[in-house]
Amino acid sequence: MKIQSAIAALVLGGMLASPLAFADNSQQSKMTVCNKQAGDKKGDERKAFMKSCLSASAPAAPMTQQQKMTACNAQATGKKGDDRKAFMKDCLSNKG
């Protein structure tokens, strides 16, 4: 029973974490990378480059274990017992 409580607390904590905090960090990282790539461009050329760079979608970062747990738990809704255990094991072991 304690394991289930710990998992529930982990999932709840993941849901309560502010998605804006992750977005801000991601945007800040993107800004840093684009600034480095812009080099010594100036004026309109730099503006155009930065707009293009910042709007380009970056490759998705790998999910943290907590994010995987949240996603897998949501997908496992309705599964019970050994079926749920097997699903969670497989889901959490997938890379990505």
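Quick one: which residue in N35, N25 is modelled with pLDDT of 60 or more, among the polar types (S, T, N, Q) and within 15 Å of the chain's Cα centre (by Cα)?
N25
Any residue in segment 61-81 that's surrounded by 12 or more Cβ atoms within 10 Å (Cβ to Cβ): show its pairings with residues that are assigned to a helix (DSSP H, G or I) and of a type in the set (F, W, Y) at Cβ separation under 7 Å, as long as the two are six or more apart or on different chains.
Taking only residues 6 or more apart or on different chains, the pairs are A76/F87; K79/F87.
The values are calculated or read from the model by the stated rules, or taken from the named source; none is laboratory data. Since we're looking at a predicted model, the values are computed, not measured. Counting neighbours? That spans all protein chains shown, and the Cβs are built from the backbone with ideal geometry, glycine included.
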